[in-house]
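Asker: Please see the structure below; I have some questions.
What follows draws every value from the coordinates through simple rules; no lab data is involved. If you're wondering where the values come from, they're calculated on a predicted model, not measured in any experiment. Using ideal geometry, Cβ is built from the backbone for each residue, glycine included, and neighbour counts are taken over all protein chains shown.
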Amino acid sequence: MSRTSFDQLLEAGCHFGHLRRKWNPAMAPYIFMERNGIHIIDLHKTVAKVDEAAEALKQIAKSGKKILFVATKKQAKDIVAEKAASVNMPYVIERWPGGMLTNFPTIRKAVKKMANIDKLMADGTFSNLSKRELLQITRQRAKLEKNLGSIADLTRLPSALFVIDVMKENIAVREAKRLGIPVFAMVDTNSDPKDIDFVFPANDDAKDSVDVVLTACCQAIAEGLEERKAEKADEKAAAEQAEEAAEAKPKRGARKARKEEAAEEVAEEQAEEKAEEAAEE
């Protein structure tokens with residue numbers, strides 16, 4: 001069963017592309033027609049592409065890996081933050097920090113710096129600072145939180161990148177391609193899909209369009225996380241049963257050993273009695 005439907009996408013306005021004069025010829029396979037100078041996207045292909053990408057995202061989540069969501073355009077950032085947070089995935093909705101993927105250790109240092117400021121504030125180390133110094137540190141902390149707060153739990157490179165508007169986030173896409181990280185992206189008729197591994201041909205400017213595609217993908221991610229949790233629970237139960245069985249085996253072995261010892265003692269006593277009787281005769 002499809003995760004989205006033609007009617008859902010149509011109602012959300014996913015079919016509206018850009019003006020014909022702004023189109024990218026590489027998007028021709030995904031364009032259904034032109035109307036009033038505007039390209040109309042083939043939503044049947046969008047449905048198929050969303051299903052294909054959602055299954056791939058589900059497998060990534062099931063394997064316990066992270067997917068980084070990127071959307072710095074005004075109309076998409078709030079939706080992306082909400083949907084990514086709902087499945088516990090990192091996201092970037094402010095300015096993309098250049099080198100975030102290709103220079104990841106430096107970004108991690110900035111995140112650790114933010115954590116250290118929090119720690120020093122909590123233990124009262126900054127209580128002796130002047131108001132001016134404290135204000136500077138607070139502002140620095142707020143800036144770090146704004147740009148990097150959503151990726152504080154990202155301890156290693158993500159396994160996939162989910163992008164809204166590949167033209168606006170072209171630096172993020174280039175960094176991901178350089179490192180071989182697969183890219184999932186909503187691609188409008190004015191964009192080039194050649195560097196995108198999983199293309200969603202859809203209107204990337206409308207809130208409803210972004211919402212319906214993200215909802216389908218995040219549901220797939222949530223399913224992957226649930227399956228991972230269920231598998232872990234099954235593995236834990238199997239391990240506990242194995243431990244119980246291992247503990248029970250020595251007990252049965254000890255009981256058997258005691259029986260064998262008792263039988264040997266009885267045999268020795270009988271042998272001694274026979275020997276005594278033979279000696280008396």
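Asker: Taking 30 Å as R0, compute the FRET efficiency from the Cβ-Cβ separation of LYS146 and LEU120 and round it to 0.05. Before the final figure, lay out each step's value.
Answerer: On the way: r = 20 Å, r/R0 = 0.65.
The value I calculate is 0.95.
Asker: Which Cα, out of HIS15, THR102, ASN128, lies furthest along the positive dipole direction of segment 6-231 (beta carbon charges, K/R +1, D/E -1)?
Answerer: ASN128
Asker: Under the 0.36 nm per residue contour assumption, what length would be gained going from the current alpha-carbon distance of LYS113 and LEU10 to full extension?
Answerer: 32.5 nm
Asker: Using a Förster distance of 51 angstrom, determine the FRET efficiency expected from the C-beta separation of HIS44 and ALA239, and round it to 0.05. Could you put the intermediate results ahead of the total?
Answerer: On the way: r = 47 Å, r/R0 = 0.92.
That pair, HIS44 with ALA239, gives E of 0.60.
Asker: Let me ask you something else. Expected output is a single nm value to one decimal: the length gained when fully extending between THR106 and PHE32, i.e. 0.36 nm times separation in residues minus the C-alpha distance. What is it?
Answerer: Gain on stretching THR106 to PHE32: 22.1 nm.
Asker: Tell me which lysines have Cα within less than 26 Å of LYS112's Cα, excluding those fewer than 8 residues away on the same chain?
Answerer: Those lysines meeting the cut-off are LYS65, LYS66, LYS77, LYS83, LYS131, LYS143, LYS146.
Asker: Spin-label point model (7 Å from Cα, Cβ direction): what's the LYS131 to ARG95 distance in nm?
Answerer: Simple spin-label model gives 2.9 nm for this pair.
Asker: Taking θ = phi - 60°, what integer Hz values does the Karplus form 6.51 cos²θ - 1.76 cosθ + 1.60 yield along segment 109-126, in sequence order, with x for Gly and Pro?
Answerer: 4, 5, 5, 5, 4, 4, 5, 5, 4, 4, 5, 5, 5, 5, 8, x, 5, 8
Asker: Here's a follow-up. Using the per-residue mean of other Cβ atoms lying within 10 Å as a proxy for protection, in what order, highest first, do the peptides 161-170, 13-22, 139-148 fall?
Answerer: Sorting 161-170, 13-22, 139-148 by mean packing, highest first, produces 161-170, 13-22, 139-148.
Asker: A further question follows. Please give the charge dipole size of the chain, origin at the Cα centre, charges +1 on K and R Cβ atoms and -1 on D and E Cβ atoms. Round to the nearest 20 debye.
Answerer: Numbers: 46 positive and 48 negative charges, 724 e Å.
The calculation lands at about 3480 debye.
Asker: Rounded to whole Å, give me the distance from the Cα center of segment 153-192 to that of segment 82-148.
Answerer: Using only Cα atoms to place each centre, the spacing works out to 23 Å.
Asker: State, to one decimal in nm, how far the label point of ALA206 lies from the label point of GLU226, with both points 7 Å from Cα in the Cβ direction.
Answerer: With each label point 7 Å from Cα toward Cβ, the separation is 2.9 nm.
Asker: Tell me the mean residue ellipticity at 222 nm calculated for the chain from its helices only (DSSP H runs of n ≥ 4, each -39500 (n - 2.57), averaged over every residue, nearest 500).
Answerer: Result for the chain, helices only: -20000 deg cm²/dmol.
Asker: Using only the Cα atoms of segment 82-140, construct the convex hull and provide its projected area averaged over every direction, in square nanometres to one decimal.
Answerer: 5.7
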